[in-house]
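This report refers to the structure that appears directly beneath it.
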Amino acid sequence: MKNFETLAVRTQSDRSQFNEHSTPLHLTSSFVFDDAEQMRAMFSDEVEGNIYSRFSNPNTTELIQKICALEGAEAGWATATGMAAVFTTFGALLKQGDHVLACRSIFGSSHTILTKILPKWGITFTYVDINDTENWSYAVQENTKLVFIETPTNPGVDIIDLEWLGNFAKQHKLLYIVDNCFATPYLQQPIKFGADLVIHSATKYLDGQGRVLGGLIAGKQSLIDEIQGFARHSGPAMSPFNAWIISKSIETLAVRMDRHSENALKLAEWLEKHPQVEMAKHPFLASHPKYDVAKKQMKAGGGIVTFIVKGGVEKGRDFLNKLQMISLTANLGDTRTIATHPASTTHSKLSEEERQEVGILPGLIRVSVGLEHIDDIIKDVEIGLS
Ligand SMILES: *Cc1c(COP(=O)(O)O)cnc(C)c1O
């Protein structure tokens, strides 16, 4: 087995007749056949090959092979966005009457799929608290089909023990699905802990430069077969252009994640000592309530830091307004450092009580720490807090 960095760089589609060193872009919606017999055989799945880019394309195939190598997965699928990956997974694997167990602190649009979209087809859910795993068994029903979680969570950077969850899923015979967007396979490989499927928003760290949208699903062959059957016909395919960009971005994933994690930890340590800051949180900060679990299952703590400014919503908004370099934008996992104030933006539609339940306090700031020099990042945060 080759090492992570080598797989990230060297997993590449076969060279064409032109002997190019770097994979070319295959912008084509369909592929030609040698003759009628080959066409018939490919359509009837007797031989493998590219037919139409809604089904497969050399650029998406390379990216899928790469994410499978990095996550330790048997098979995978690529989608247009991270949300398409979440929805395609649910759409393919759930049927009327099924029930989903999910941690409450999941991505906003995943929350909307569970609460607004799936109920239209008679699929129900129960939320469980990521920090209260003792009570999870009570939430399992006879019709519970799968458990869906994120770790670290957004924006609270809470951590769940992936190994514990692997045993829990096995005991209750649930499909175990992890949205691994925040950690990436470089920092954490949920399949090692028994996960059946891993989902990514490739828009975040996998591209890592804030350019394109993309989603990936990787895991058990039998589940990917079902997902493929659903996706080929419902059409959430990733564009070959985006696959080409993301595959090349992953060549530098390890180097980038090391620096994102190092910068984030330094910022968190600095914040923890600042008099205007009530609390700072990062998985590899010794004060994190699940520090030991994070150390066990993650290679480094990742690029997201949250903290609470003293003075509530007003001070939170004030912090954002004072920043000079750090961007105010909805993305994360970019080379550029980004700050958001969830209580007045992404989570403003939730009630105060709902925000409390997922740990979004009025003064909570989320920083996606980028790859600028750490001294310049800290300087800007200092201006924000002044
Ligand atoms: C951004 C994000 C998604 C959605 O991905 P898109 O590519 O924006 O559709 C899903 N899960 C998590 C954890 C995310 O951060």
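The values are calculated or read from the model by the stated rules, or taken from the named source; none is laboratory data. Values in this document were obtained by computation on a predicted structure and should not be read as measured data. Virtual Cβ from ideal backbone geometry, glycine too; neighbours counted across all protein chains shown. What goes into the accessible areas is simple: the full protein's heavy atoms, side chains included, and nothing from ligands, DNA or RNA. Shrake-Rupley method; radii C 1.70, N 1.55, O 1.52, S 1.80 Å.
Structure data summary
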{"quantity": "Surface/4 estimate of mean projected area, convex hull on alpha-carbon atoms of the chain, nm²", "calculated": "20.1 nm²"}
{"quantity": "Net charge of neighbours whose Cβ lies under 9 Å from the Cβ of Leu371, counting Lys and Arg as +1 and Asp and Glu as -1", "calculated": "+1"}
{"quantity": "Residue-normalised accessible area of region 62-116, given per residue in Å² at a 1.4 Å probe", "calculated": "30 Å²"}
{"quantity": "Inter-label distance, nm, simple model (7 Å from Cα along the C-beta direction), Glu269/Tyr138", "calculated": "4.1 nm"}
{"quantity": "Amide H partners (placed H, <5 Å) of Ala75, local residues excluded", "calculated": "Gly219, Gln221"}
{"quantity": "Qualifying trypsin sites (Lys or Arg not before Pro) in region 75-156, DSSP loop, other Cβ atoms within 10 Å at most 13", "calculated": "Lys95"}
{"quantity": "Contour minus Cα-Cα distance for Asp318 and Asp258 (0.36 nm per residue)", "calculated": "18.5 nm"}
{"quantity": "Test item: Cα-centred dipole of region 4-250, Lys/Arg +1 and Asp/Glu -1 on Cβ, debye", "calculated": "520 debye"}
{"quantity": "Around Met42: net Lys/Arg minus Asp/Glu count, Cβ-Cβ under 15 Å", "calculated": "-3"}
{"quantity": "Gain in span if fully extended, Phe241 to Gln171, counting 0.36 nm per residue against the direct Cα distance", "calculated": "21.0 nm"}
{"quantity": "Calculated FRET value between Val9 and Gln209, using beta carbons and R₀ = 22 Å, to 0.05", "calculated": "0.80"}
{"quantity": "Chain lengthening between Phe43 and Phe31 when straightened (0.36 nm per residue, less Cα-Cα)", "calculated": "3.1 nm"}
{"quantity": "Residue-count net charge about Thr60 - beta-carbon cut-off 13 Å; Lys, Arg +1, Asp, Glu -1", "calculated": "+2"}
{"quantity": "Those aspartates and glutamates that a straight Cα-Cα span of less than 18 Å connects to Lys315, excepting residues fewer than 8 apart in one chain", "calculated": "Glu272, Glu278, Glu352, Asp380, Glu382"}
{"quantity": "Selected from Ser201, Ser137, Ser261 as most flexible by GNM, with the chain as the system and alpha-carbon contacts under 10 Å", "calculated": "Ser137"}
{"quantity": "Region 254-385 - accessible surface per residue (Å², probe 1.4 Å)", "calculated": "45 Å²"}
{"quantity": "Per residue accessible area in Å² of region 177-234, where ligands, DNA and RNA are left out and the probe is 1.4 Å", "calculated": "29 Å²"}
{"quantity": "Carbon/sulfur fraction of accessible area - the chain, other protein chains in place, 1.4 Å, %", "calculated": "51 percent"}
{"quantity": "GluC sites (Glu not before Pro) restricted to region 21-76 and DSSP loop, no more than 14 other C-beta within 10 Å", "calculated": "Glu46, Glu48, Glu74"}
{"quantity": "Residue-averaged [θ]222 nm for the chain, counting only DSSP H segments that reach four residues, each worth -39500 (n - 2.57)", "calculated": "-11000 deg cm²/dmol"}
{"quantity": "Trypsin sites (Lys or Arg not before Pro) within region 219-311, DSSP loop, no more than 15 other Cβ atoms inside 10 Å", "calculated": "Lys273, Lys310"}
